[in-house]
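The values are calculated or read from the model by the stated rules, or taken from the named source; none is laboratory data. What you are looking at is a predicted structure, and each value in this text was computed from that prediction instead of being measured. Reconstructed Cβ throughout: ideal geometry from the backbone, glycine too, with neighbour counts over all protein chains shown.
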Amino acid sequence: MAVLIITGGRVIDPAGEMDEQADVILEDDRVIEVGEATTAQKDDAQLLDARGCIVCPGLIDPHVHLREPGQEDKETIATGADAAAQGGFTSVCCMPNTEPTLDDDGRINFIYTESRRVGLANVFPVGAITKGRKGEELAEIGLMSAAGAVGFSDDGCAVASASVMAKALSYIAMTGKVLMQHCEDPELGGGAMNEGAVATRLGLAGWPRVAEELIIQRDIMLNLRRNVGARYHVQHVSSGGSIDLLRRARHDLFGQAHITAEVSPHHLLLTEDACSSYDSNFKMNPPLRSRRDIEGIREGVRDGTVTILATDHAPHTREEKELEFAAAPYGIIGLECALPLYVRGLIETETLDWPAMLAMMTSQPARLCGLEGKGTLCAGADADVTVIDPNEAWTIDVDAFHGKSRNCPFHGWNVTGRPVATIVGGRVCMLRDETRLTRGDSVYSVYSV
C-alpha cells in the first residue's frame, strides 16, 4: 500500500464545490480523503508539501493531436504524454487525424495499449466520424465506442455533407458519446488568416467567420430541430458570432443539455494583427480573429456559453513551420504553457476566478468525455492531481519543452502561474522541486519514462 499525502495547499475541487485549506490523502491509485491528515497518517506516508499552492483534480485536455501513428517526427504518444504532465495535465484526448486515421476499433485499442506502456498522462482516443475523415461514409461508430473511444470527430475537417452529418448525429446519439465538430465550411474556409483588412494588406487569402458560423447553425438545426438529441460539442470557437449562435441555442431555444463548446488559449489572447510578422507560428485553424471576437469569446466564457478549455495542441516540425506563411501548416503546440495563458486571458482579465477556470479544465471536460473517476477529488476518485503555484513568474521557453515540436507563438512571454507537480494514478510524474516530496529525512525521486 502506497500512501501519498499532499499537505498544506488550497484545495479547489469544483465538482465537490470545495475551496479550502486541506490535505489530500491518496492511497495507491485512489483518493481516500480530503481533510486534515493525522500525525499517524503522515508518519506512514510520502508527503508532498503544497504550501502556497493550489491543489486540484488533474487537469484534462479534451483536444490534442499526438500524431501517432504515422507522424512520429512531430509527436508521439510518449512525448505528448510527457508534455501533458509537464503542463499539469493528467489526461488528454487525442484526435483521430493520424496516418492511418483512428477509424476502427483496432486503432482505438492501439492508443490505449501505448498509453499504458508509457505510463505518464492518460491518453484517451477520439474516433473518426467518417472513414478516413473523408466525410463520405460513417466509420465503425459502434465498434469504436465499445473499444473505448470517448467521442467522435473528423477534426481538421468539418463533416461538410448535411446528410452524412444527420446520420452521424443519430448514430453517435445511440452510443451516448459526444460528437466533436470542427466547424468550417470547406467552400468558405481554408484561407491563410482571418478575412479582413489585415489579410488584404498582407496579401494573404482570407478566411471569413461565417465559415465557422454556418456549420454551427446547420448542425444545431439538424440535431435539435429534428429531435436527434446527440451530445454536440463545438471545437476551438474563434468567432464572436459563433458565441451568439451557441448562446441562443443553449439558452433561448432549446435548453442546455446537449450543446457545449471549447476555447483555446490563442483565441483568448492573440489577434489577426500577429500575422503581420508573417511568422507561421501565428497560422492556425481556425485563424486568429479580431479584438472584438476575443471580447465576445470572453463574454461567452463568463456567461457559461463556453464551458471547456482545450489547447488544440498541434505539433509540426521546424521545417514545415519555416515554410512561407501561405504554405505552412496550420497549428501550434500548447500543452506545456496552457495554464499560465489561461491565467493571463481569464483570471488577470477578471473574466473568471480560479474555481471557475479550474472547473473548465477538470470536471467539465471529464463530464464531456465520460471520464468516470476523473475531474474530482471526492473519495474513491482516481488519484489524478495537479498542484499549481499561482504566483510563480516564469518565461515560456520552447527549447525547454519536453514535446518534440517547437511551434509555439508564446515563446519568450513572461507569465504567472505554473504547475509544480502532476500526479497520475497516485504516482508523481512531474515535480519541479524534488525537495517538496519527503518521507522522514528522505527525498524521493520522481517517476520518469
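The sole residue among SER280, SER290 that is surrounded by fewer than 22 Cβ atoms within 10 Å (Cβ to Cβ), hydroxyl-bearing (Ser, Thr, Tyr) and in contact (Cβ under 8 Å) with a residue 40 or more places away in the chain is SER290.
What is the residue count in the range 45-63 for residues that are assigned to a loop (DSSP other than H, G, I, E, B) and touching a residue at least 60 places away in the same chain (Cβ under 8 Å)? Count: 5.
Hey, among GLU319, GLU324, GLU262, GLU336, which residue is over 13 Å from the mean Cα position of the chain (by Cα), in contact (Cβ under 8 Å) with a residue 12 or more places away in the chain and in the same structural domain as THR349 (by TED's automatic domain parsing)?
GLU324
It is to be established whether one or more residues within the range 161-179 are assigned to a loop (DSSP other than H, G, I, E, B) and at positive phi.
Scanning the range 161-179, I find at least one residue that is assigned to a loop (DSSP other than H, G, I, E, B) and at positive phi, so the answer is yes.
Among the residues of the range 289-321, those that are of a type in the set (A, V, I, L, M, F, W, C) and in contact with a strand residue (DSSP E or B) (Cβ under 6 Å, 6 or more places away or on another chain) comprise ILE297, VAL306, ILE308, ALA310. Residues that are outside any loop (DSSP other than H, G, I, E, B) and within 29 Å of the chain's Cα centre (by Cα) were ranked within the range 199-208; the one that is surrounded by the fewest Cβ atoms within 10 Å (Cβ to Cβ) is GLY206. Those residues that are out of contact with any strand residue (DSSP E or B) (no Cβ under 6 Å at 6 or more places or on another chain) and more than 16 Å from ILE32 (Cα to Cα), I need them from the range 369-395; list them, please. Answer for the range 369-395, where residues must be out of contact with any strand residue (DSSP E or B) (no Cβ under 6 Å at 6 or more places or on another chain) and more than 16 Å from ILE32 (Cα to Cα): GLY370, LEU371, GLU372, ASN391. Counting only helices (runs of 4 or more DSSP H) that fall entirely inside the range 262-351 and contain at least 3 residues that are at pLDDT below 95 and not small (Gly, Ala, Ser), no element qualifies. Across the range 16-25, a minimum of one residue is classified as surrounded by fewer than 24 Cβ atoms within 10 Å (Cβ to Cβ) and either in contact with a Cys (Cβ under 7 Å, 6 or more places away or on another chain) or in the same structural domain as MET361 (by TED's automatic domain parsing) (or both).
Report whether or not ALA261 is in contact with a helix residue (DSSP H, G or I) (Cβ under 8 Å, 6 or more places away or on another chain), surrounded by 24 or more Cβ atoms within 10 Å (Cβ to Cβ) and among the hydrophobic types (A, V, I, L, M, F, W, C). So ALA261 fits the description; yes. Just so you know, in the range 1-44 the residues that are of a type in the set (Asp, Glu) and free of Cβ contacts under 8 Å to residues at least 40 places away in the same chain include one that is farthest from THR376 (Cα to Cα), and it is ASP43. Summed over the range 116-146, the residues that are of a type in the set (S, T, N, Q) and either assigned by TED's automatic domain parsing to the domain that holds GLY425 or in contact with a helix residue (DSSP H, G or I) (Cβ under 6 Å, 6 or more places away or on another chain) (or both) give a count of 1.
Residues that are surrounded by fewer than 18 Cβ atoms within 10 Å (Cβ to Cβ) and part of a loop (DSSP other than H, G, I, E, B) within the range 209-227 comprise ARG226, ASN227, listed in sequence order. Of all the residues in the range 64-81, those that are surrounded by 24 or more Cβ atoms within 10 Å (Cβ to Cβ) and either of a type in the set (Asp, Glu) or part of a loop (DSSP other than H, G, I, E, B) (or both) number 5.
GLN235 meets all of the listed conditions (1) in contact (Cβ under 8 Å) with a residue 60 or more places away in the chain; (2) surrounded by fewer than 21 Cβ atoms within 10 Å (Cβ to Cβ); (3) closer than 23 Å to GLY345 by Cα but one, namely (2). Among the conditions (1) outside the structural domain of VAL420 (by TED's automatic domain parsing); (2) in a loop (DSSP other than H, G, I, E, B); (3) buried (at least 17 other Cβ atoms within 10 Å of the Cβ), the only one that ALA37 does not satisfy is (1).
For the range 102-117, a tally of residues being touching an Asp or Glu at 6+ places or on another chain (Cβ under 9 Å) and either loosely packed, with under 13 Cβ neighbours inside 10 Å or assigned to a loop (DSSP other than H, G, I, E, B) (or both) returns 2.
Where strands (runs of 3 or more DSSP E) sit wholly within the range 358-449, those with at least 2 residues that are at pLDDT below 95 and not β-branched (Val, Ile, Thr) occupy 437-439. Is it the case, given these coordinates, that LEU437 is crowded, with 19+ Cβ neighbours inside 10 Å, under 21 Å from the mean Cα position of the chain (by Cα) and not β-branched (Val, Ile, Thr)? No, not satisfied. Checking each residue in the range 118-136 for being in a strand (DSSP E or B) and either at pLDDT below 95 or over 16 Å from LEU169 (Cα atoms) (or both) picks out ASN122, VAL123, PHE124, PRO125.
Can you tell me which of GLY196, GLY148, GLY229 is within 30 Å of GLU272 (Cβ to Cβ) and in contact (Cβ under 8 Å) with a residue 24 or more places away in the chain?
GLY196
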